[in-house]
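**Q** I have a structure here, written as structure tokens, and I will follow up with some questions on it.
The values are calculated or read from the model by the stated rules, or taken from the named source; none is laboratory data. Quantities reported herein were computed from a predicted structural model and do not represent experimental measurements. No Cβ is skipped: glycine too gets one built from the backbone with ideal geometry, and neighbour counts run over all protein chains shown.
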Amino acid sequence: MAQTSINFRMDEELKKEMEETCKELGMTMTTAFIIFAKKMSREKRIPFEVSVDPFYSERNLKTIKKSIKELENGNVIEKTMEDLEAMEYE
């Protein structure tokens, strides 16, 4: 079977992490990508779930940014663990 090369870019840290994981599994990145390509071609789908992490929703990010601004402006309410536990029973 004829061979071909594919080139693409990815974050350097991600590449290092993937290489490390592949090594732990006893394979190369090339082998991992070939496994992915064969499974995707055979099943005609991405062979794992692709979803959006709800934590990074626009609403959550907006709330986080607002909270950061409040902290930076000194608008902080401090509670001890005991205070929080007491609130649970109110």
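**Q** Residue 77: out of contact with any Leu (no Cβ under 7 Å at 6 or more places or on another chain), free of Cβ contacts under 8 Å to residues at least 24 places away in the same chain and part of a loop (DSSP other than H, G, I, E, B), yes or no?
**A** Yes; evaluated as a whole, the condition is true for this residue.
**Q** Give the residues of the stretch 1-26 that are assigned to a loop (DSSP other than H, G, I, E, B) and either under 17 Å from residue 37 (Cβ atoms) or within 23 Å of the chain's Cα centre (by Cα) (or both), sorted by residue number.
**A** Correct list: 1, 2, 3, 4, 5, 6, 7, 8, 9, 10, 11, 25.
**Q** May I ask you to verify whether residue 64 is surrounded by 10 or more Cβ atoms within 10 Å (Cβ to Cβ), within 19 Å of the chain's Cα centre (by Cα), at pLDDT 90 or above and not in a helix (DSSP H, G or I)?
**A** Values: surrounded by 10 or more Cβ atoms within 10 Å (Cβ to Cβ): yes; within 19 Å of the chain's Cα centre (by Cα): yes; at pLDDT 90 or above: yes; not in a helix (DSSP H, G or I): no.
Against the criterion (surrounded by 10 or more Cβ atoms within 10 Å (Cβ to Cβ), within 19 Å of the chain's Cα centre (by Cα), at pLDDT 90 or above and not in a helix (DSSP H, G or I)), residue 64 does not qualify.
**Q** Which of the following residues is hydrophobic (A, V, I, L, M, F, W, C) and in contact with a helix residue (DSSP H, G or I) (Cβ under 9 Å, 6 or more places away or on another chain): 81, 18?
**A** Answer to the check: 18.
**Q** Shifting gears a bit: Quickly run through the stretch 36-61 and pick out the residues that are of a type in the set (Gly, Ala, Ser), part of a loop (DSSP other than H, G, I, E, B) and surrounded by 10 or more Cβ atoms within 10 Å (Cβ to Cβ).
**A** Result: 57, single match.
**Q** So in the stretch 1-35, with the set limited to residues that are loosely packed, with under 11 Cβ neighbours inside 10 Å and among the β-branched types (Val, Ile, Thr), which one is farthest from residue 47 (Cα to Cα)?
**A** 4
**Q** Consider residue 68 carefully, then state whether it is of a type in the set (Val, Ile, Thr), free of Cβ contacts under 8 Å to residues at least 60 places away in the same chain and farther than 23 Å from residue 15 by Cβ.
**A** On the way: of a type in the set (Val, Ile, Thr): yes; free of Cβ contacts under 8 Å to residues at least 60 places away in the same chain: yes; farther than 23 Å from residue 15 by Cβ: yes.
Against the criterion (of a type in the set (Val, Ile, Thr), free of Cβ contacts under 8 Å to residues at least 60 places away in the same chain and farther than 23 Å from residue 15 by Cβ), residue 68 qualifies.
**Q** Right, next: Note down all Cβ pairs under 6 Å where the first residue falls in the stretch 32-52 and is more than 14 Å from residue 6 (Cβ to Cβ), the second is of a type in the set (D, E, K, R) and modelled with pLDDT of 95 or more, and they're at least six residues apart or on different chains.
**A** From residues that are more than 14 Å from residue 6 (Cβ to Cβ), the pairs are 47/39.
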